[in-house]
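Each reported figure results from applying straightforward, stated rules to the coordinates on display, with no laboratory input. Just so it is clear, the model here is predicted, and its values are computed rather than measured. Glycine gets a Cβ as well: all are built from the backbone with ideal geometry, and neighbour counts include every protein chain shown.
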Amino acid sequence: MKIGVLALQGGFQEHISALRKLDVDVCEIRTLRDFIAGIDGIILPGGESTTISRLLHETGLFRPLKEHIDQGLPVFGTCAGMILLASEIQDDPVSHLDCIPITVKRNAYGRQLGSFYTHARFEGIGQIPMTFIRAPYIASFKDEVHILAEVNGIQVAAESKKILVTSFHPELTDDLRVHQYFLNKITA
Ligand code: GLN
């Protein structure tokens with residue numbers, strides 16, 4: 001299995017390390033050529049969604065990426081990656097991929113106090129550590145979306161078909177189970 005990690009900006013290196021620990025082939029996706037080379041799934045990392053969005057347009061990756069995800073390429077978006085995959089972003093004009101019918105709120109916990117660490121239940125896994133950094137949350141979602149985790153009654157992880165999104169950063173903890181969950185979705 002070969003997983004691409006979008007490596008335009010943000011925390012892609014930590015995802016690459018996590019995937020290597022799980023013994024999968026990893027490649028960095030920076031250009032259309034990298035993308036076309038063929039992958040079984042892709043991770044969109046955290047970072048600054050406005051910057052990643054601009055770079056996706058500049059590299060010409062935006063449209064092919066959306067088309068492949070819409071056609072079933074498995075994708076896991078963390079934080080800014082989740083923002084980019086959402087169908088709607090509350091009160092924000094950032095150009096996004098519109099792949100999963102959720103509305104997200106950027107910097108939803110406030111800009112300064114928005115970073116925290118907690119533990120909560122993730123469906124199918126159990127209690128996991130969760131690191132939030134200026135995180136978005138899911139403000140609303142359509143019926144076809146399955147919620148996988150909540151913190152204080154607020155949805156922070158979800159899936160629909162082959163799309164997985166988390167507000168938090170599993171790649172910043174030693175716990176590899178959310179990455180393993182994504183790999184299992186690909187092979188399921
Ligand atoms: N606040 C960032 C954004 O809105 C996301 C932060 C992150 O990915 N850790 O794009």
Describe numerically, in nm with one decimal, the distance between label points set 7 Å from Cα along Cα→Cβ at Gln13 and at Glu123.
3.6
Which one, Thr50, Thr59, Thr78, has the greatest fluctuation when you compute a Gaussian network model over the chain with C-alpha springs under 10 angstrom?
Thr59
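Please state the relative contact order of the chain as a whole percent: Cα pairs under 8 Å, 6+ residues apart?
18
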Assign unit charges at the C-beta atoms only (+1 for Lys and Arg, -1 for Asp and Glu), then state the dipole size of segment 1-61 relative to its Cα centre in Debye, rounded to the nearest 20.
60
Contour minus Cα-Cα distance for Gln71 and Ser140 (0.36 nm per residue):
22.5 nm
Please state the shape class of the chain: rounded when a/c is under 1.5, otherwise prolate if a/b exceeds b/c and oblate if not, all from the C-alpha gyration tensor.
rounded
Taking springs between alpha-carbon atoms closer than 10 angstrom, which of Thr166, Thr103, Thr51 fluctuates most in the Gaussian network model of the chain?
Thr51
How much of the DSSP bridge set in segment 2-187 is antiparallel, in percent, rounded to the nearest 5?
55
HN-Hα J couplings of segment 31-39 from phi, Karplus 6.51/-1.76/1.60, θ = phi - 60°, integer Hz, Gly and Pro as x?
9, 4, 4, 4, 6, 6, 4, x, 9
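When only DSSP loop residues count, what trypsin sites (Lys or Arg not before Pro) in segment 75-178 have their Cβ near at most 12 other Cβ atoms within 10 Å?
Counting only loop positions with at most 12 other Cβ atoms within 10 Å, the trypsin sites (Lys or Arg not before Pro) in segment 75-178 are Arg111, Lys142.
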Between Ile36 and Phe116, what length in nm is gained on full extension when 0.36 nm per residue of separation is reduced by their alpha carbon distance?
25.1 nm
Charge dipole (debye, nearest 20) of the chain; +1 at Cβ of Lys and Arg, -1 at Cβ of Asp and Glu
140
What residue among Ser17, Ser87, Ser49 shows peak mean-square fluctuation when the chain is described by a Gaussian network model with Cα springs under 10 Å?
Ser17
Report the full-extension gain for the segment His57 to Asn152: residue separation times 0.36 nm, less the Cα-Cα distance, to one decimal in nm.
30.6 nm
